[in-house]
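Taking it in order: structure first as structure tokens, then the write-up.
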Ligand code: BGC
């Protein structure tokens, strides 16, 4: 048993993330990287005593409110992991006491955070505080904290209160000040305490029921005990937390929380912990990635996967996954295209039930997207660039000194999100084969998104082609441009895919097809129009060679070479250009054309891929964490390995090493998803070709092997990729077809098949 852990086992080092020594200035970095979550509850890991400079964050998925802020914020709720312990009349906290030793360990395998701190001060010198906490993976509403306190040098007086602060604030959005997004309706303290809160603008109810006990006795009011030297006391808190997003009718909320608490108390902490550990074990069984020859990379890969798992759930009302997951207030808890393009491949291949929730989140907001398109004078559905509770665009704006409002260009122009949402649906469908989503809104979503593009394009008499004007590709340094390559390619794909899926559906089942077409007021002529428009969209035919212009007029912008790199090996900002002036130059914030080539690999020749990759790499600053992972992936797929390795490592360590300096606001979830894609698609060689699974790994010699599992159409495939060979074991019940190193293969149930790379 480790010195740190009081009640339970620690997994070996490859599963641990450590904070060693108390670093006041870095506490918010650690609060993010050690965050706990089960997809329903997310908790930043600030210290239990909630030091003054810490940014707490306790979130319930889907609980948003806009009171006092310009748009939805994910609501920062009372921090139930806060403990109020006083020793010899002093609060046990680094704010008042000196810290002689401090260590925290997140055990990613078990989703458990442990701590050991030795404080100096007071009358009798040294006190040791050990804690262990988790947010249950087995019971989505339950959180558990245990703390053990020992007076190391002499007797001490300990005062424990059973409560925690009920006042939490949102702080994102400098110009808005601190916002309290809920009011407390009722509180009751006793052996089993509870509180009910309500968000003022969105009207969501939140309930907590909890107990705090000292050595097994409930703490109903402040309790003083004489702590004998060397003796340890244990404080336990069990919390049951839920919101009316999941619990309907809201009047049942208090009862549901109390029942959850009662069930948790009946089980007791050891069984709660064991159930929680088993649930994590089941997730890791499918989601873990092993790289025996590169332990540091394996550890960082696991870190990305841990945070993807910590914000995913198959339970409850579908909520989006925020750009910073449930680990911080950054981006106010909004969901972006990050979900569909960056994280959905992981969930679809690894945890399809979680993926389904994300698909449903968008399907449930289709009507809002239709209204949004109509409000802007378009047909069909326009999905919001930033999405929160309702699906209305919640991209922020802020007041300028002259009292006018500055609206972020991103929300005005990044219409590609609409096609990204459709693309995500395709990813889910292709990987899982679960076509029930198509019958319950998926086909409608495809039709309405295609309608949007058919009305969004304008016909140019000059070129005889359709153009998309006033758009913005993923590269956010260039707003309001015409014919962004990324946008145009996605729009074309959206139109073609919708036409194909809808016509296939009506061919397969004429009666149902007719009913669907009638309900959507869709005709064969409209499908033909989509196909016609798609085939004539500007800039979607890259020609034979040459550099593809990112948007009309890009080449005329000032060409500023990137010459220097920072300590992470990432490009340094070129001297003489202000960020606000980047739009006048060819400098890119993030990969744009390169990403297009990754998403449509068959539309470009190998020569085009290489030339364009090199051209745009010299102009891309990778200021967004969405960029390095995709560039590394492109490097691998396009056979430009030196670039792949240059970007893969900084991307993998984005949050562990705080490469962008923004980790204190939350985990960069898209980068976690991008890192997984780099590993599985890039090195693992997984691709989907004409709807079939293809695996052609590219494993560096030094790695020895890369091991991962995939869920494909219900089957569970265990893959061991080595330099020069791949072995796939099918643990499903039925045979599955796949293409291994280009050769069609049948993967029989309970059998392993090994195929060598050509020439190996
Ligand atoms: C990126 C966007 C991304 C957003 C949220 C921005 O910095 O440019 O592409 O969607 O962050 O992660």
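Summary of computed values
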| quantity | calculated |
| --- | --- |
| Ratio Rg/Rh [Cα only; Rh per Kirkwood] for region 168-212 | 1.10 |
| Euclidean distance between Cα centres, region 240-303 to region 461-515, Å | 40 |
| Angle in degrees between helix 253-267 and the longest Cα principal axis of the chain, rounded to the nearest 10 | 70 |
| Rh by Kirkwood over Cα pairs, then Stokes-Einstein D for the chain at 1.567 mPa s and 4 °C, µm²/s | 47 |
| Protection proxy ranking of 331-340, 727-736, 466-475 - average other beta-carbon atoms within 10 Å, highest first | 331-340, 466-475, 727-736 |
| Compactness relative to 2.2 N^0.38 Å, alpha carbon Rg of region 572-620 | 1.33 |
| Region 187-203 versus region 332-359: alpha-carbon centroid distance in Å | 31 |
| For region 1-121, alpha-carbon Rg and Dmax in angstrom | 15.8, 50 |
| Packing-based ranking, highest mean first, of 284-292, 410-418 given that Cβ atoms within 10 Å are counted | 410-418, 284-292 |
| Alpha-carbon Debye profile of region 500-584, log10 I(q)/I(0) at 0.18 Å⁻¹ | -0.89 |
| Nearest 10 degrees, 0 to 90: helix 524-535 Cα axis against the chain principal axis | 90 |
| Sequence-separation-based contact order of region 464-599, relative, with Cα cut under 8 Å and 6+ spacing, percent | 33 |
| Cα→Cβ-extended label distance, 7 Å offset, between residue 458 and residue 91, nm | 5.9 |
| Kirkwood Rh, angstrom, region 155-286 [1 / mean 1/r, Cα pairs] | 17.2 |
| Percentage relative contact order, the chain, counting C-alpha pairs under 8 Å, at least six apart | 11 |
| Region 346-396: radius of gyration over Cα atoms, expressed as a fraction of 2.2 N^0.38 Å | 1.30 |
| Semi-axes of the equivalent ellipsoid for region 439-509, Cα gyration tensor, largest first, Å | 27, 15, 9 |
| Cα-based convex hull, region 661-760, per residue volume (Å³, whole number) | 123 |
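Values quoted throughout were computed directly from the atomic coordinates according to the rules given, and no laboratory measurement underlies them. Model, not experiment: these values are computed from the prediction. Positions of Cβ are backbone-derived with ideal geometry, glycine not excepted, and every protein chain shown enters the neighbour counts.
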